[in-house]
Each structure stands twice: as C-alpha cells, then as structure tokens.
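All of the numbers you see were taken from the coordinates with simple rules; none came from a lab. This one's a predicted model, so the numbers in the text were calculated from it and none came from an experiment. We place every Cβ from the backbone using ideal geometry, glycine too, and count neighbours over all the protein chains shown.
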There are 4 protein chains.
Amino acid sequence: MKTILLTGFEPFGGEPLNPSWEAVRQLDGQRRGDHQIRAVRLSCAFGQALTELEAALAQHQPVLVLAVGQAGGRSELSLERIAINLDDARIPDNAGAQPIDSPIVADGPAAYFTTLPIKAMVAALREAGLPAAVSHSAGTYVCNHLFYGLMHEIGRGRPGCRGGFLHIPYLPEQAARHPAGTPSMSLSQIVRGLEVGLDAALHHERDLRISGGTTH
Amino acid sequence: MKTILLTGFEPFGGEPLNPSWEAVRQLDGQRRGDHQIRAVRLSCAFGQALTELEAALAQHQPVLVLAVGQAGGRSELSLERIAINLDDARIPDNAGAQPIDSPIVADGPAAYFTTLPIKAMVAALREAGLPAAVSHSAGTYVCNHLFYGLMHEIGRGRPGCRGGFLHIPYLPEQAARHPAGTPSMSLSQIVRGLEVGLDAALHHERDLRISGGTTH
Amino acid sequence: MKTILLTGFEPFGGEPLNPSWEAVRQLDGQRRGDHQIRAVRLSCAFGQALTELEAALAQHQPVLVLAVGQAGGRSELSLERIAINLDDARIPDNAGAQPIDSPIVADGPAAYFTTLPIKAMVAALREAGLPAAVSHSAGTYVCNHLFYGLMHEIGRGRPGCRGGFLHIPYLPEQAARHPAGTPSMSLSQIVRGLEVGLDAALHHERDLRISGGTTH
Amino acid sequence: MKTILLTGFEPFGGEPLNPSWEAVRQLDGQRRGDHQIRAVRLSCAFGQALTELEAALAQHQPVLVLAVGQAGGRSELSLERIAINLDDARIPDNAGAQPIDSPIVADGPAAYFTTLPIKAMVAALREAGLPAAVSHSAGTYVCNHLFYGLMHEIGRGRPGCRGGFLHIPYLPEQAARHPAGTPSMSLSQIVRGLEVGLDAALHHERDLRISGGTTH
C-alpha cells in the first residue's frame with residue numbers, strides 16, 4: 001500500500017497548541033483510496049525540522065507529502081505555490097535560532113514550485129464549501145524552510161514523490177485570545193479540508209489550467 | 001416557563017442562505033435552564049421585519065430577545081452595543097426599498113443601548129474558545145433597523161424584557177464563494193456561541209465592568 | 001465676521017505627535033469665504049477636553065465647529081455620523097483616567113447625530129481626489145467623548161451653531177514606525193481635506209440625499 | 001556618468017493613471033550623486049513589457065535598475081525580495097493576453113532574488129518617515145513578469161548591474177474612487193521615497209543584516 005505523509009508542527013510564538021499538528025494527527029493511520037496516511041509532528045526549529053522530515057521520508061517512503069503549518073491571521077486554507085531558498089526569522093525559533101538572510105541549501109536553486117495540483121485542490125475545497133486559495137509566499141520562517149527542504153529532498157532523489165505545503169488559519173480558541181478581527185477555522189473544517197485536498201491531489205496527476213494568480 | 005426569543009433573517013444580498021436563521025432555528029424549542037427558546041425567521045425588509053418582530057413579541061411574551069444577523073466580513077461573534085435611529089441603505093432590501101437618511105421612529109430617541117450584559121457575554125464566549133467582541137455599530141441597514149425597533153418596543157411597554165443584537169460571520173460555504181481573505185465561522189461554532197451567550201445573559205442581571213471600548 | 005472653530009488633540013498612546021493638531025493649526029487665522037478659522041489644541045483627557053472646548057466655544061462663538069481626531073489604522077478622512085453617551089476606555093487617557101461604561105452626561109440622550117452635511121462633505125472630498133467616507137462609530141474614547149460633549153453643548157444653547165467630528169489617518173511618519181499594512185495620509189492632503197470639507201459644509205445648509213450606509 | 005534606470009507602467013485594470021509612471025517620470029533627467037536617472041514607461045503587457053525593457057537596457061546601459069509598479073491595496077512602499085518564473089494572470093493584460101501557469105523563461109530558474117540592498121532601503125525609508133516594508137511576493141502578473149525578466153537579463157550578461165522592483169500604493173485620487181478602507185500614498189511621498197531608496201541603494205553595496213521576514 002502506498003503512503004501519504006502528513007506533517008504538522010509543534011506550537012510556537014507563545015501559542016498553547018499548533019493547529020497543524022492537531023489536524024494531521026487526526027488522520028494518522030487512515031486511508032484515502034488505496035493510500036495509507038502517516039502523520040508526523042515536527043519541531044518548530046530551523047535545521048531540526050528538516051532532519052526529522054528526512055527521517056520520516058526514509059521510514060515511510062511516501063508517494064505524496066503534504067506539510068502543514070499555522071498561518072495566524074489568514075482566513076482560508078492556503079495552498080502554497082513556491083518555496084524560496086531563504087531563512088529570515090522575525091522571531092527566534094523554538095531552539096532559539098534566528099537566522100537572517102541565510103540560504104537554506106548553500107548551493108540550492110532560488111526556489112522550488114510545489115508539485116501538487118494546487119489549482120485542482122483549491123477548486124475541490126471551494127466546491128466542498130471550504131474557503132481556500134493559492135498563496136505565493138510561505139514566508140521566510142520554519143514553514144518555508146521545511147517546504148523548501150522537502151522539495152529539495154524530493155528533487156534530488158525521490159522522482160515518484162509529489163510534495164507541497166498547506167497553511168491553515170488559527171483555531172477559534174486561538175483567535176479568541178487575539179484582538180478582534182482575527183479570523184479562524186474550526187478543527188473539523190480543517191480536517192475535512194485535508195481529506196478533500198488529498199483526494200483532489202490523488203485524482204489529478206496534472207493540475208487544472210484555471211487562474212489562481214494575483215496582480216501583486 | 002419563561003421564553004427566550006431568537007430571531008434570524010432570510011437571505012439577502014445574493015446569498016443562498018443567511019447564517020442567522022440557520023443558527024437560531026437549531027435552538028427552536030430547546031431549553032436553557034428554566035427558559036424555553038423560540039426562534040423566528042424575519043424578512044430582510046425595512047418595516048416588514050419590525051411588523052413580524054412585534055407579532056412574535058406579542059405571541060411569545062419573551063423575557064429576553066436576541067436578534068441575530070449576518071455581518072459578512074467580520075471574523076467573530078459581535079455583540080452590538082447600540083442601535084441608532086437611522087435607515088441608510090447601501091443596497092435595496094428584499095422588498096426593493098432603499099431608504100436614505102430616514103429615521104426609523106419619527107420622534108424616537110437618537111439611539112438605544114442594548115440591555116443585555118454584553119461584556120459578560122463576550123467574556124464567556126472567549127472563555128469557551130469562541131472569538132467574540134463588542135461592536136459599536138450595527139450599521140444602517142435592516143439589522144440596525146430591527147435592533148432599534150426592538151429596543152424601542154421594549155422601552156415603551158415591556159419593562160421585564162431585555163434585548164440585544166448579535167452579528168455573526170459568514171458560514172465557510174459562503175466565504176468559499178467570496179475572495180480570499182473573507183473570514184467565516186462554522187455553523188456549529190455559531191450555535192454553540194448562541195448557547196454560551198444566552199447562558200451568560202441569563203446569569204448576569206448586571207454587566208461586568210471590564211473594558212470593551214475602542215479609541216476610534 | 002463669523003467664526004469656524006477647529007479643534008485638534010495633543011498626542012496620546014505613545015505617539016510623538018497628533019496629526020489632528022498638526023493639521024488644524026495650519027488653518028488657524030485663515031479665512032474660508034467670509035468665515036474666520038480659529039484652531040484650538042485640546043488635552044487628550046476625559047472631562048478636561050470638554051472644559052477646554054467649552055472655553056473655546058465661549059470665547060469664539062463659532063457658527064461651525066469641526067472637531068478632529070486621530071484614528072490610527074483608518075485609510076481615509078472619516079466624517080462621523082453619531083456621538084454616543086458612553087465612555088469605555090481601552091487605555092488610560094493622558095491624565096491617567098480609564099472610565100468604563102460611564103455616561104458622558106448623566107441624564108443626556110443616548111446619542112447625538114452630527115449637524116454637518118457629511119454626505120455633501122464626503123462627496124466634495126472624493127471629487128477633490130481625497131479618500132473619504134461616512135463612519136458610524138467614533139469609538140468610546142476621548143474623541144467620542146468630545147464629539148458627544150460638543151453636540152450636547154450645541155443642543156442646549158447654541159441654536160445657530162453646527163458641529164461634527166472628523167477622524168483622520170496616521171501621518172506617514174507615524175505609520176513608518178508601525179507594522180507593515182498600516183495606512184497613512186500626508187499632512188498636506190489632510191489640510192487640503194479640511195479646506196474642502198469646510199467649504200462643502202458652508203455651502204450646504206441641508207445635506208445631500210445619497211447613500212453612505214453600511215449593511216453592518 | 002553612470003545611469004540609473006527607473007521604469008513605470010502605463011495604466012491597467014480600469015485605472016485612469018498608473019502611479020508608477022507618474023512617480024518615475026518626475027525623476028527623469030535628475031541626478032543622484034554622480035548618477036543620472038533615466039525613466040522609461042512600459043506597456044502593461046506580457047512579453048511587450050520585457051521587449052521594451054531590453055531596449056532601454058541596451059540604450060542606457062544602467063548600473064542600477066529599479067522597476068516600479070502599482071500595488072493597489074498596499075499601504076506602504078514594498079521592496080520585492082524575489083521574482084518567480086510564473087505568469088498566472090487574474091485579468092487580461094492591456095493587449096488582451098491572460099497566460100495561466102506559464103513560465104516566463106522556458107528553461108529559466110524557478111526564481112531570482114533581487115540584487116538591491118532592500119533591508120538598507122527599507123531602513124532608510126522608515127528613517128525618512130516613509131512607510132516601507134520588504135515583500136516576498138510580487139504577484140504573478142506583469143509586475144512579476146517584468147521583475148523576473150529584468151533579473152534574468154542582468155544574470156546572463158550585465159554583471160555590473162543591480163536590479164530590483166518596488167511596489168507602490170494607489171494615489172489618493174485613485175483610492176477616492178475605491179471602497180472605504182483602500183489605502184493610498186501621495187505622489188510627492190512616493191517620489192521622495194524613490195529618491196531616498198535610490199540613495200540607500202547607491203550607498204550600500206552589501207545589504208544590512210536586519211530581519212525583514214514573515215512567519216508565513
């Protein structure tokens with residue numbers, strides 16, 4: 001049986017939980033079609049997160065990897081288009097590191113595009129009544145770091161594996177402790193979004209040719 | 001047994017549903033403590049909504065009224081502080097009327113404050129993990145129209161009745177058809193919010209003295 | 001010669017300046033048509049601001065009063081529609097007071113509407129290329145406190161005087177020290193907005209009947 | 001004398017003007033230190049904009065190129081960090097083309113980083129009282145297309161030339177015709193920002209090591 005690897009992060013930035021791990025853990029061991037899901041929790045730390053990811057890739061040999069991370073302040077499920085070769089931390093990570101303008105891979109390419117069919121995934125999510133959009137920046141913190149490292153690892157030795165990154169909103173209980181105007185999404189909606197998104201990814205080898213761009 | 005009256009609106013502005021009615025209908029017939037909940041669906045039309053409200057007040061003789069309306073674009077449960085004596089419609093209502101700068105009650109006061117303990121309700125909602133805030137404007141459309149009419153009706157002849165207005169976000173399936181960045185809240189969270197908010201209102205005859213203000 | 005009174009505030013909330021005073025002081029002593037402008041700087045303190053306003057009203061006997069205040073985070077010139085009888089301070093004022101849920105005038109009405117032709121003023125500002133809008137909440141801090149006190153004072157003894165409140169954005173040099181995404185407006189644009197707005201107020205005894213409302 | 005090339009765009013998306021051209025044209029022919037500024041107006045059209053840019057590069061042989069574009073809805077001067085090899089047009093360009101998920105250069109790298117010292121430029125702008133920030137996405141429309149093409153052209157044959165992209169807000173007269181809440185910046189502030197930014201770029205061969213990142 002083929003394996004889908006989902007990753008979530010431990011909490012960071014003073015939050016008591018990270019919705020990415022709360023969501024992916026619910027799907028650990030489940031099946032989508034003829035694929036088995038494995039969920040792994042990663043440290044929110046530059047370097048360490050990639051070491052843990054590489055161990056999970058080696059152990060599970062997945063055909064599809066969806067890394068998930070918290071994007072506090074976003075309203076919808078954000079399918080990331082591109083990972084960039086840059087660490088620029090606004091706050092220290094959980095190990096105390098705060099790299100500024102450092103490459104993730106010394107001689108790596110400037111960026112990697114996702115190999116997931118993100119337009120098809122966004123279309124399926126919206127069809128299912130779940131707010132979703134394509135995003136063109138995963139930031140410059142541990143999320144982008146992991147996403148870049150994932151695509152770099154796939155690019156140099158895992159030709160049958162597709163990978164991508166999903167940013168998710170705060171949970172309501174997180175937003176309830178932030179200023180008014182902070183959007184959120186319930187855990188059950190996020191988990192349903194993972195299921196719908198994974199199904200769309202499994203059913204589309206090639207992406208749909210529909211616009212998902214922005215003028216700036 | 002005492003009665004709580006909940007009101008929701010029919011859809012408007014091109015939406016296929018109105019989350020206010022979808023939420024309050026789920027509580028129709030239920031009990032909170034020794035109170036019975038009645039839910040009524042109102043037209044999204046100036047004048048007509050108030051006529052329907054007055055009929056419901058006469059029929060059910062509630063001790064507490066919470067009117068609920070959709071506030072597309074808001075992220076949290078918004079407890080309205082004040083209703084103003086002004087209709088100024090940006091779009092026509094469902095009957096085609098579009099009043100501009102008209103008073104709701106010709107010789108009525110400029111405004112009415114809610115008589116619900118909204119600080120206590122916001123505190124209870126946040127404690128329950130539900131994003132909530134005090135709002136100082138219910139707009140100038142049918143929601144404010146209904147809220148003003150409710151408080152006017154209570155003020156002139158229902159001394160034992162308390163009343164207020166709750167604005168709620170879009171449902172996720174509504175936000176999924178709006179541009180990226182549109183926040184939403186799941187129906188189950190909104191319904192849970194109604195329960196928590198009503199319980200707080202029933203348990204606080206006087207409001208808590210905690211800040212809920214804004215500098216502008 | 002008739003007098004127009006402009007008021008601005010001293011800085012508050014840690015800002016090194018207040019754009020409202022920086023703007024109105026530039027028009028002190030100038031004329032609009034056959035009116036003379038007087039600009040007065042007020043303390044950002046509950047009570048004290050009203051005492052200073054009353055002194056200025058007594059001294060200058062204006063026929064038109066436009067009170068101006070900073071609304072950090074807003075993008076446009078905001079003509080306030082309504083002042084409410086409520087102090088609810090999120091932060092202490094400059095004298096250290098932080099009233100919560102207190103009326104401004106013990107037996108005063110719940111609210112006063114502006115008596116300025118704000119629709120005509122917004123239309124003139126936009127026509128002049130200046131972003132402007134009607135606002136339905138001046139908050140619950142010293143700005144609303146002053147606005148309510150002004151309208152109360154006019155209402156009980158100055159029948160020939162019209163009054164209102166204008167909220168203005170941060171200056172660019174303020175926004176430059178706030179997080180990305182904080183809007184601003186240049187001082188020359190704000191001063192030009194005051195001139196255009198005052199001219200529109202002088203030329204319209206009655207307001208235009210055009211929509212300026214919001215659905216929530 | 002060395003040359004600085006500034007580019008601006010013609011209007012698009014129904015706007016009567018484009019602030020990028022209005023701003024850069026004011027500096028055409030001026031000097032910053034021992035550099036001469038040349039300003040060129042480009043078509044808002046995929047392909048054609050790059051053809052025009054290449055002609056300008058060949059003619060002026062600049063040592064520094066700052067391409068400027070309108071980012072309606074942003075509040076500050078945005079120094080772009082990265083150009084990506086992707087056209088994904090939400091609306092047709094001025095020639096009617098609407099590419100979706102097409103590479104800009106068939107075998108080009110996924111992305112190019114700017115070679116301008118954008119952290120130093122942002123720091124200088126803020127110091128001068130002008131709101132500014134680093135941005136990690138220039139979108140997927142003609143602005144990003146031009147930025148990528150510029151960096152590709154520099155990368156393959158202009159080793160002494162540095163290049164980058166600046167996104168600027170709407171002018172106030174544009175925002176005055178958009179919904180309330182649309183931020184803007186005055187033309188004189190934008191022009192001053194160009195001067196300050198160019199001076200910072202000329203004085204910093206290497207960028208400052210200060211954080212400009214985002215967590216997502």
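Can you tell me the dipole magnitude for chain A around its Cα centre, using point charges on the Cβ only (Lys, Arg +1; Asp, Glu -1), in Debye to the nearest 20?
Charge dipole of chain A: 540 debye, to the nearest 20.
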Dipole axis of region D:2-203 (+1 Lys, Arg; -1 Asp, Glu on Cβ), positive-most option in D:Ala49, D:Tyr170, D:His35: D:His35
Would you calculate the separation in nanometres between label points at A:Glu127 and C:Ala106, each defined as 7 Å from the Cα along the Cα-to-beta-carbon direction? 6.8 nm
For the protein assembly as shown, what is the calculated [θ] at 222 nm in deg cm²/dmol (nearest 500), taking -39500 (n - 2.57) for each run of four or more DSSP H residues and dividing by its residue count? -9000 deg cm²/dmol
Provide the per-residue ³J(HN,Hα) series for region A:204-211, in order, calculated from phi with Karplus coefficients 6.51, -1.76, 1.60 and θ = phi - 60°, each as a whole number of Hz, with x at glycine and proline positions. 10, 5, 10, 7, 6, 9, 10, 5
Cross-link reach from B:Lys2 to lysines, straight Cα distance under 30 Å and at least 8 residues apart if same chain, gives B:Lys119
About the Cα centre of the protein assembly as shown, how large is the charge dipole given +1 on each Lys and Arg Cβ and -1 on each Asp and Glu Cβ? Please answer in debye to the nearest 20. 0 debye
Based on the alpha-carbon gyration tensor of the protein assembly as shown and its eigenvalue square roots a ≥ b ≥ c, which shape applies: rounded if a/c is under 1.5, prolate if not and a/b is larger than b/c, or oblate? oblate
For a label point 7 angstrom out from the Cα of A:Arg31 toward its Cβ, which stretches of region A:2-18 have the backbone nitrogen within less than 15 Å? A:2-4
So who's got an amide H within less than 5 Å of the one on D:Leu77, skipping anything under 5 residues away but keeping other chains? H placed 1.01 Å off N, in plane. D:Ala132, D:Ala133
Based on alpha-carbon centroids, what's the gap between region B:40-83 and region B:173-211 in Å, whole number please? 15 Å
Between the label point of B:Gly14 and that of the same position in each other copy, find the distances and list them shortest first in nm, with every label point placed 7 Å from Cα along the Cα-to-C-beta direction. 1.2, 4.0, 4.1
Just to be sure I understand the model, the point goes 7 Å from the Cα along the line to the Cβ. What's the resulting B:Thr3 to A:Val63 distance in nm? 6.1 nm
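Dividing the alpha-carbon radius of gyration of region D:2-203 by 2.2 N^0.38 Å (N being the number of residues), what value is obtained?
Taking the Cα Rg and dividing by 2.2 N^0.38 Å, one obtains 0.94.
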What does the copy distance list look like for C:Ala106, label position 7 Å along Cα→Cβ, in nm and ordered from shortest? 3.5, 7.8, 8.6
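How crowded by other chains is A:168-178, given as the mean number of beta carbons from other chains within 10 Å of each beta carbon? Don't skip to the answer; put the middle values down first.
Numbers: counts 1, 3, 2, 2, 15, 5, 2, 9, 12, 3, 3.
Partner Cβ neighbours, averaged per residue: 5.
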Using a Förster distance of 30 angstrom, determine the FRET efficiency expected from the C-beta separation of C:Arg158 and C:Arg90, and round it to 0.05. 0.45
Give me the percent relative contact order of region A:2-203, please, defined on Cα pairs under 8 angstrom at least 6 residues apart. 27 percent
Local electrostatic count, A:Pro109, Cβ distance below 14 Å [Lys/Arg +1, Asp/Glu -1]: -2
Can you give the FRET efficiency for D:Arg41 and B:Arg41, using 1/(1 + (r/R0)^6), R0 = 51 Å, r = Cβ-Cβ distance, to the nearest 0.05? 0.35
How far apart are the A:Val63 label points across copies, placing each 7 Å from Cα toward Cβ, in nm, shortest first? 5.7, 6.3, 8.3
Taking the dipole about the Cα centre of region B:2-203, with the C-beta of Lys and Arg at +1 and of Asp and Glu at -1, give me whichever of B:Tyr112, B:Ala23, B:Val122 is farthest to the positive side. B:Val122
Expressed to two decimals, region C:92-216 has a Cα Rg over Rh, using the Kirkwood radius, of 0.99
Viscosity 0.890 mPa s, 25 °C: Kirkwood-radius Stokes-Einstein D of region C:163-216 over Cα pairs, µm²/s: 179 µm²/s
